[in-house]
1. Which is out of contact with any His (no Cβ under 7 Å at 6 or more places or on another chain), modelled with pLDDT of 90 or more and away from the ligand (no atom under 16 Å from the Cβ), of I312, I263?
2. All but one of (1) assigned to a helix (DSSP H, G or I); (2) surrounded by 19 or more Cβ atoms within 10 Å (Cβ to Cβ) hold for G148, so report the exception by its number.
3. Looking at this structure, is V105 of a type outside the set (D, E, K, R), closer than 24 Å to V256 by Cβ, touching a Leu at 6+ places or on another chain (Cβ under 7 Å) and surrounded by 22 or more Cβ atoms within 10 Å (Cβ to Cβ)?
4. Condition test on L241, is it more than 16 Å from the chain's Cα centre (by Cα) and either crowded, with 17+ Cβ neighbours inside 10 Å or within 20 Å of L188 (Cα to Cα) (or both)?
5. Please go through the stretch 154-172 and give me each residue that is touching a Phe, Trp or Tyr at 6+ places or on another chain (Cβ under 9 Å) and within 11 Å of the ligand (Cβ to nearest atom), ordered by number.
6. Quick check: anything in the stretch 252-260 surrounded by fewer than 23 Cβ atoms within 10 Å (Cβ to Cβ), acidic (D, E), at pLDDT below 95 and over 24 Å from G156 (Cα atoms)?
7. What do you reckon, is A193 under 23 Å from the mean Cα position of the chain (by Cα) and among the small types (G, A, S)?
8. Limited to the stretch 286-309, what total is found for residues that are closer than 30 Å to Q248 by Cα and either within 15 Å of the ligand (Cβ to nearest atom) or among the hydrophobic types (A, V, I, L, M, F, W, C) (or both)?
Amino acid sequence: MIKVAFYDAKAYDRPSFEKYGGERGVQFRFLETKLNEDTVALAEGCDAVCVFVNDTVDARVIDKLYGYGVKLVALRSAGYNNVDVRAAFGKVHVTHVPAYSPYAVAEHAMALLLTSVRRVHKAYNRTREFNFSLNGLTGFDFHGKTAGVIGTGKIGRIFIDICRGFGMKVIAYDPFPAKDSGIECVSLDELFARSDIISLHCPLTDDTRHLIGADAISRMKKGVVIVNTSRGGLIDAEALLEGIKARQIGAACLDVYEEEADIFFEDRSGHIMDDDLLSRLISMPNVIVTSHQAFLTEEALSNIAETTVSNILSCFENDGVCDNELCYRCGNIEQCKKERREKCF
Ligand code: NAI
């Protein structure tokens, strides 16, 4: 039996992980706490840890895991900006779930966009109070508008298809665009200048942190709607708030927030909110915030559990050659042992 410490466990995680783990000999120890330096000791005696987007897997945590004999960090997410992959090299394997339901995220991005532009969130609250007034609920047609998509990977391309279904013109920016995709790729500057709607679907890296900041916002069309279902750090939230106050930004739809780690995924309704910036954003009539829920569909949860369990088994049953391993050397295919089906280290 492979023992796995499962950090940041939520009620919705358990059924699918218990099902696939139970069927295939992987025993999960579900822990409500997040992984960090203070909680890493809970992994002692386990073969692997299973982590999510707000667990901290930095060099110090990795060294402790290595010391406990933990062999694998199995991410149950696609994004891995919270893991120091370079520090893990030679010590613990790191796997992720590259795709579980890109439809879930792309559809949520459109759900936020429609809700915001057609004021559904306002209308829902009004009619519950038998207020049937339409004042202040005017939206705009998507048909004929220009959507600017940043990142044309799995999720970005599905979002593009959805936008085209609404009759929107789509332009995109991606430094590594897919060949023959038929997508009109433009520079970031042109995308900012032409888009009525901008949706972010690129990873968070050193290059993309605060991609949307004061300067970028000043180059956008007045009234632009910004959608972020990717990672909070892509947007400088202070600049976003200023852009909203200046009426430069027409609306913002946020499923992620840079400082979400200690806030999102938890019921904070009985607490005083310490994060003034998030409070101010949430108080705006043209901002919609969801709590990193874009991935949360039955299909995605099932795929996440199935792939994570397969990743774990592959590492322990396949002489350390893990499925979906993240290796910082993979930038250099010539050097990459995994390409030759050998152990990474
Ligand atoms: P992907 O790896 O298929 O696509 C990412 C695309 O971004 C690639 O085409 C890549 O070339 C492009 N890219 C890289 N650097 C860029 C840059 N500087 N500017 C513009 N584009 C750049 O990833 P996928 O599956 O489409 O996911 C995208 C992001 O969505 C993930 O990185 C993750 O952060 C986020 N995500 C959010 C979820 C949620 O629940 N809110 C769930 C799953 C993913």
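The values are calculated or read from the model by the stated rules, or taken from the named source; none is laboratory data. This one's a predicted model, so the numbers in the text were calculated from it and none came from an experiment. Note that each Cβ is placed from the backbone with ideal geometry, even for glycine, and that neighbours are counted across all protein chains shown.
1. Details: I263 fails: away from the ligand (no atom under 16 Å from the Cβ).
Answer to the selection: I312.
2. All conditions are met except number (1).
3. Numbers: of a type outside the set (D, E, K, R): yes; closer than 24 Å to V256 by Cβ: yes; touching a Leu at 6+ places or on another chain (Cβ under 7 Å): no; surrounded by 22 or more Cβ atoms within 10 Å (Cβ to Cβ): yes.
Answer is no for this residue.
4. yes
5. Those that are touching a Phe, Trp or Tyr at 6+ places or on another chain (Cβ under 9 Å) and within 11 Å of the ligand (Cβ to nearest atom): I155, I158.
6. Looking through the stretch 252-260, none of the residues is surrounded by fewer than 23 Cβ atoms within 10 Å (Cβ to Cβ), acidic (D, E), at pLDDT below 95 and over 24 Å from G156 (Cα atoms).
7. no
8. Qualifying residue count for the region: 9.
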